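Chemist: Next up is a structure, given as structure tokens.
The values are calculated or read from the model by the stated rules, or taken from the named source; none is laboratory data. All figures in this text were calculated on a predicted structure; none of them were measured in a lab. Here the Cβ positions follow ideal geometry from the backbone for every residue, glycine too, while neighbour counts run over all protein chains shown. The protein model used for the area step is the full one, side chains on, heavy atoms only, and it has no ligands, DNA or RNA in it. Shrake-Rupley method; radii C 1.70, N 1.55, O 1.52, S 1.80 Å.
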Amino acid sequence: MEILLLLLVCLVIIFVFAPVRQVLISGPIFGYFKKILPPLSATEQEAMKAGSVWWDGELFAGKPDWQRLHGYTQAKLTEQEQRFLDNQVNTLLAMVDDYQIVQQDHKLPEAVWQYLRKEGFFALIIDPEFGGKGFSALANSTIVSKIASRSLSVAVTVMVPNSLGPGELLSHYGTLEQKKYWLPRLAKGEEVPCFALTGPNAGSDAGSIPDKGIICYGDYQGEQVLGISLTWDKRYITLAPVASVLGLAFKLYDPDGLIGETKALGITCALIPTDHPGVIIGQRHYPMGLAFQNGTTQGQNVFIPMDWIIGGQQYAGKGWRMLVECLSAGRGISLPALGAACGHLSTRMTGAYALVRHQFGLPIGKFEGVQGNMARIGAFTYQLEAARTLTTTALDMGQRPAIVTAIAKYHMTEMGRTLLSDAMDIHAGKAIQLGPQNYLGHAYLGIPIAITVEGANILTRSLMIFGQGATRCHPYVLSELAAAAEPDPQVGLAKFDQVLIKHIGFAMGNSLMGAWQGLTAGKLIGAPVNNKMATYYRQLTRMSRALALTADVSMLVLGGDLKRKEMISARLGDVLSHLYLASASLKWFHDRGSPSSDIPFVHYNIQYNLYQIGQAFDGFFDNFSQPWISRVLKTVLFPWGINYRLPSDQLDQEICQTMMSDCELRDAITHLCYIGDDENDATGIVERSFKARLAALDAERKLIKAIKDKTIVGETMADKIAQGLALGIINAHEFELLVTSLALTDKAVAVDVFDKL
Ligand SMILES: Cc1cc2nc3c(=O)[nH]c(=O)nc-3n(C[C@H](O)[C@H](O)[C@H](O)COP(=O)(O)OP(=O)(O)OC[C@H]3O[C@@H](n4cnc5c(N)ncnc54)[C@H](O)[C@@H]3O)c2cc1C
């Protein structure tokens, strides 16, 4: 007893008295921590600091406050934004013949360029003070998605000036003179911008660009001025072949100390008119054969004045931070919008086509084999729309959540790719034959572009989501890193000591709660709702707790090695990502008033997300470098095993039923699919055929019954319909419905044919 008491007193002394604690506990841990710290490049350090932490922080910390999630006011379009969509966007899309653009002209027609310029499509994010539209992130995303449902080539053309590039960089960092000069010209479309970072030897590792600028004096408009002599070689640059102004990223050096003592200033961004002497706009690429402009640019010892640096001389060397900050917001808009567009297009068209296309005497959407793929399209689209809404809500709240936007970029483009493949399979030959009637082919060709740009997806999954998330979203690690970076070791230790105590408490709490929640299978955790979704909130909270503990243990055991163990960190990133995607679906369901129509979609989504979380944990436990640690973790967190299951066949069938019905939910998850009014418009034909078929269903049933009992025996369907009318099996109105439906079905299943070469 005395010994126990003595032990307790010692522990109290150690933990309560900072000097004792620092010698016995914090000091040694601080030393170990500094030793295992990952070696961070300057570029990575900048990336760490960029952006903000939002709902991702809650999910990472093990105790998400669901009321807080429900409390975020969902972004809504303003009247002006809605009008722009209803008028300008629809007018634009009616002008676009994507087959002609991609397969025949290989470029956008002049009339489309003029319309884009005149109506301010390149000025969506520019402040109205400078002649722009000043639209929200939601509007930007909605406009890009809708255009992409018709033409990826036009969408990418619109997207680039409205995402990371001169417009955005100038808006955030430009000097007043730069803003006054460039922004109105960009807003009116008098200038076409591009932004060049990537080169032949610097793709994903963009921080390693070899392109250089040397500060020196040179001749500009007949005068000797201080400026930069630039040499660059860039490729893959969107809009470069038609750009009038080039945003250029390069490394800046000041060997003669003309602006200070630092010789290597770092990445810098400048704006250069493309008609400036020495600027070469090189040849064109053909990304997957699509028609948006993409090409190369070079320059050799091109002299530019100092004030062409975006933000002026004070921003010399700050380019990487500028790029990462803008990217951390922009990455959540344009490319996820392309993923969402694939979902809206595929869901609306596949549901409709699966009803009108008959084989073996049945709509193909009634075959169980088809339903497995088809349900994935609908369910993923529900989640895409939910994630699009939640992510733009964050951005419109003024957040710049770097991890959330990386999750959105990676998963929304991957989901777009998966469901496009499903849509292609279900349309079969109809989607294979390219031509004006094929509404899927160009999207299918183009989706790998979305996977590749703004952080190629493998890299985003492996390095960014958890790699950055572990530091950014963790409640204490960033402060611990800051303490380790303190030049004075005593000050560093004092700061570290303060955070360490909280960190130990956090880890102990997660261990105890993780074990308890594992033992009770999460059944006793509170939920913010009292409906069928309550169990999902409980399980997601439990998985959030499991992530918090597993992440802490991984960082403790692997330290700097965790960065290289990409297969391990990617799996933890998957857990975080699926927690985010699941919360997006729950939030969207909640904000829509929890309608019963959505329930199968939400069940599918969350079951799928939990299954993926389980798989990620399983893979982690099987492959973690210290098997005994993974065994302990697995036993503590999952004492009854990992039991999440994929959605059932029953759910697949319910989702397909909604996709083949003309209902509110179908509209809610496909409102971004452009349906043309023209009688030959491909999506318009399938949509009208779908509606005509639904209208004729009762009449069709009467006819089929008569055919089965041999009352009707005609050769063709047209004969049978005529006989049905003659025999009084259907009335004149039903006859009209069936004839219309038959004619439209023939058009819907038709594909393009061309003259032989
Ligand atoms: C159509 C198109 C338009 C583009 N537009 C522009 C533009 O306007 N401006 C601009 O500056 N750039 C642009 N880019 C460039 C684009 O951002 C790069 O293609 C991208 O950064 C990837 O570089 P890379 O293609 O050289 O691939 P690489 O860097 O060679 O990568 C190859 C593979 O390795 C993976 N990888 C690399 N490093 C790691 C790692 N550490 N861990 C895990 N995986 C890793 C990548 O994910 C990828 O799968 C465009 C590209 C394309 C295709």
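Chemist: In terms of solvent-accessible area of protein heavy atoms at a 1.4 angstrom probe, what is the ranking of Lys409, Lys251, highest value first?
Modeler: Lys251, Lys409
Chemist: Also, quick follow-up: Per 5 Å bin, what percent of the C-alpha pairs of region 645-701 does each bin hold, from zero upward?
Modeler: Answer for region 645-701: a P(r) of 4, 16, 18, 23, 18, 12, 6, 3, 1, 0 percent.
Chemist: In region 493-642, with Lys and Arg counted as +1 and Asp and Glu as -1 at Cβ, which of these residues, Gln615, Ser596, Gly526, has the Cα nearest the positive end of the dipole, that is, farthest along it?
Modeler: Gly526
Chemist: Given H placed on each backbone N at 1.01 Å, which residues far from Tyr220 in sequence or on other chains put an amide H within less than 5 Å of it?
Modeler: Counting only residues 5 or more places away or on other chains, the set is Val225.
Chemist: Once you place label points 7 Å from the Cα toward the Cβ at Gln300 and Asp618, how far apart are they in nm?
Modeler: So the two model labels end up 5.9 nm from each other.
Chemist: Counting only helical runs of four or more DSSP H residues, what would the 222 nm mean residue ellipticity of the chain come to if each run contributes -39,500 (n - 2.57) and the total is spread over all its residues?
Modeler: The helix-only estimate for the chain comes to -17500 deg cm²/dmol at 222 nm.
Chemist: Could you report region 195-296's accessible area per residue, 1.4 Å probe, as an integer in Å²?
Modeler: 43
Chemist: Let me ask something else. Give the calculated FRET efficiency between Val632 and Glu368 to the nearest 0.05, with a Förster radius of 35 Å applied to their Cβ-Cβ distance.
Modeler: So the FRET efficiency works out to roughly 0.25.
Chemist: Continuing with the same structure: At q = 0.10, 0.11, 0.13, 0.14 Å⁻¹, what log₁₀ I(q)/I(0) does a Debye calculation on the Cα points of region 86-239 give, no solvent, two decimals?
Modeler: For region 86-239 at q = 0.10, 0.11, 0.13, 0.14 Å⁻¹, log10 I(q)/I(0) is -0.45, -0.54, -0.73, -0.83.
Chemist: Same structure, new question: Only Cα pairs under 8 Å and at least 6 apart count here; give the relative contact order of the chain as a rounded whole percent.
Modeler: Relative CO of the chain lands at 16 percent.
Chemist: Rounded if a/c is under 1.5, else prolate if a/b beats b/c, else oblate: with a ≥ b ≥ c from the C-alpha gyration tensor eigenvalues square-rooted, which is region 241-352?
Modeler: Verdict is oblate for region 241-352.
Chemist: Given R₀ = 35 Å, what would the calculated FRET efficiency be for Trp516 paired with Arg564, taking r from the Cβ atoms and rounding to 0.05? All intermediate terms of the calculation are to be shown ahead of the outcome.
Modeler: Values: r = 34 Å, r/R0 = 0.97.
Here the calculated transfer efficiency is 0.55.
Chemist: Under 5 Å between amide H atoms, partner at least 5 residues away or on a different chain: which partners does Phe303 have, H built in plane at 1.01 Å?
Modeler: Residues meeting the amide H criterion: Leu230.
Chemist: First compute the accessible area of the chain with a 1.4 Å probe, then give the percent of it belonging to carbon and sulfur atoms.
Modeler: About 57 percent, which is the carbon plus sulfur part of the accessible surface.
Chemist: Over region 497-573, with the other protein chains present, what is the accessible area per residue in square angstrom, probe 1.4 angstrom?
Modeler: Using a 1.4 Å probe on heavy atoms only, each residue of region 497-573 averages 43 Å².
Chemist: Would you mind calculating the gained length between Val557 and Leu85 on full extension (0.36 nm times residue separation, minus the Cα-Cα distance), in nm to one decimal?
Modeler: 164.7 nm
Chemist: Whole-Hz ³J(HN,Hα) for each residue in region 704-720, computed from phi via Karplus 6.51 cos²θ - 1.76 cosθ + 1.60 with θ = phi - 60°, x for glycine and proline: what do you get?
Modeler: Working through the residues one at a time gives 5, 4, 5, 5, 5, 8, 6, 5, 10, 9, x, 6, 9, 5, 4, 4, 5 Hz.
Chemist: Still on this structure, I have one more. Mind jotting down the distance between the C-alpha centroids of region 108-172 and region 321-384, whole Å?
Modeler: 23
Chemist: At 0.36 nm per residue, and after removing the present C-alpha to C-alpha distance, how many nm does the segment from Arg645 to Gln498 gain when stretched out fully?
Modeler: Contour length minus Cα-Cα distance gives 48.7 nm.
Chemist: OK, next. Just reorder Leu757, Leu610 by solvent-accessible area, largest first, 1.4 Å probe, all chains present.
Modeler: Sorted by accessible area, descending: Leu757, Leu610.
Chemist: Report the extension gain between Lys118 and Asp105 in nm, rounded to one decimal, defined as 0.36 nm multiplied by the number of residues separating them, less their alpha carbon distance.
Modeler: 2.5 nm
Chemist: Where does region 627-757 land on the Kirkwood hydrodynamic radius, alpha-carbon pairs, in angstrom?
Modeler: Answer for region 627-757: a Kirkwood hydrodynamic radius of 19.1 Å.
Chemist: Next question, about the same structure. FRET efficiency for Asp65 and Gln314, Cβ-Cβ distance as r, R0 = 45 Å, nearest 0.05?
Modeler: The value I calculate is 0.65.
Chemist: Based on the Cα atoms of the chain, what semi-axes does the equivalent ellipsoid have, where each is the square root of 5 times one gyration tensor eigenvalue, given in whole Å with the largest first?
Modeler: After scaling each eigenvalue by five and taking roots: 49, 39, 19 Å.
Chemist: Along the positive direction of the dipole of region 279-382 (beta-carbon charges: Lys, Arg +1; Asp, Glu -1; about the Cα centre), which of Phe303, Ala340, Leu323 reaches farthest?
Modeler: Ala340
Chemist: Mind giving me the nanometre distance, one decimal, between the label points for Tyr286 and Ala668, set 7 Å out from Cα along Cα→Cβ?
Modeler: About 4.4 nm separates the two model spin labels.
Chemist: Going 7 Å from the Cα of Ile599 along its beta-carbon direction, which residues of region 525-556 have the amide nitrogen within less than 13 Å of the resulting point?
Modeler: It comes to 531-534, nothing else.
Chemist: Then there's this: Per residue, how large is the accessible surface of region 633-672? Use a 1.4 angstrom probe and give square angstrom.
Modeler: The answer is 48 Å² per residue.
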